[in-house]
Amino acid sequence: MLQKSIEQALNNQIRIEAESSQIYLSMACWAEVQGLEGVAQFMYKQSDEERQHMLKLVKYVNERGSHAKITELKAPKTTFGTFKEMFEELYKHELFVSNSINELVHITLGEKDYSTHNFLQWYVAEQIEEEAQAKTILDKINLIGEDRGGLYLFDRDIQQIVVTSSISLNQNI
Ligand code: OFO
C-alpha cells in the first residue's frame, strides 16, 4: 500500500494527465475546424497518449492497494489564436508537466518510496521526448513564419510525426 502523501501526489498527477488529454483534444478540434487536418491528427494522437499516461498511473495506484481518484477537470480553452500560439501553449504545457513529474520524483525520494521512484522513470524519459518534439515543431513553425505554402507543407509533414509516435506509443505502453 502506498503512503498517503504518495497516493495524493499520484492522484494529482492523474488529474494533470487527464487535463492534458482534454487540452490536446480541444486543440485537435480547433485545428480541425481551421482545416489543418495534419495538425488535428497530431493533436488527437497527443490527446490519446495523455490518456494512456493517466491510465498507467491509475493502474499503478490501484495495483499498489491504494485508490486512484477520478476528479473534476479544469475546462480547456476552445480557441487558440494562431496555430503558432497553439504550439507555444503546447510547449509551455509540456514544461509544466515535466516540472510536476520532477516534483513527484522528489517526493518519492523524500518518502523513501523507491518502487514509485522507479515507476516514475518512464514518465521522466517520456517528458524529455515530448519536450524535444514540441521544441522541434516550434522551431519549424518559426521558420515558416507567415508563408501559407509553408503551412500547407507543415500540415502534411506533421502527419509523419503522428505515424512515428503511434509506433513508439505501441512499443512503450
Ligand atoms: Fe503525459 O506526457 Fe507530456 O504531458
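The values are calculated or read from the model by the stated rules, or taken from the named source; none is laboratory data. Because the structure is predicted, anything quoted here is derived from the model rather than measured. Every residue, glycine among them, receives a Cβ derived from its backbone with ideal geometry; neighbour counts consider all protein chains shown. Accessible surface areas use protein heavy atoms only, side chains included; no ligands, DNA or RNA. Shrake-Rupley method; radii C 1.70, N 1.55, O 1.52, S 1.80 Å.
Summary table below
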read-out: Single residue of the stretch 1-60 satisfying the filter (touching a Pro at 6+ places or on another chain (Cβ under 9 Å) and away from the ligand (no atom under 11 Å from the Cβ)) that is least open to solvent (accessible area, probe 1.4 Å); value: M27
read-out: Residue satisfying all of: in the stretch 65-75; in contact (Cβ under 8 Å) with a residue 60 or more places away in the chain and either at positive phi or open to solvent by 70 Å² or more (accessible area, probe 1.4 Å) (or both); farthest from the ligand (Cβ to nearest atom) among these; value: G65
read-out: Residue in the stretch 101-119 that is within 11 Å of the ligand (Cβ to nearest atom) and under 30 Å from C29 (Cα atoms) present; value: yes
read-out: Unique residue being under 30 Å from V33 (Cα atoms) and in contact with a Phe, Trp or Tyr (Cβ under 9 Å, 6 or more places away or on another chain) when the list is A134, A75; value: A134
read-out: Single match in D155, D139 (criterion: among the charged types (D, E, K, R) and touching a helix residue (DSSP H, G or I) at 6+ places or on another chain (Cβ under 9 Å)); value: D155
read-out: The stretch 90-100 - residue that is of a type outside the set (V, I, T) and open to solvent by less than 40 Å² (accessible area, probe 1.4 Å) and, of those, nearest to the ligand (Cβ to nearest atom); value: E94
read-out: Count of the stretch 78-89 residues which are away from the ligand (no atom under 16 Å from the Cβ) and touching a helix residue (DSSP H, G or I) at 6+ places or on another chain (Cβ under 8 Å); value: 5
read-out: Scan of the stretch 120-152 for residues that are away from the ligand (no atom under 16 Å from the Cβ) and either of a type in the set (K, R) or touching a Gly at 6+ places or on another chain (Cβ under 8 Å) (or both), ordered by number; value: K140, L143, I144, R148
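One line per residue, one yes/no per condition, for (1) open to solvent by less than 90 Å² (accessible area, probe 1.4 Å); (2) modelled with pLDDT under 95:
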position: E63; (1), (2): no, no
position: K77; (1), (2): no, no
position: L104; (1), (2): yes, no
position: S168; (1), (2): yes, yes
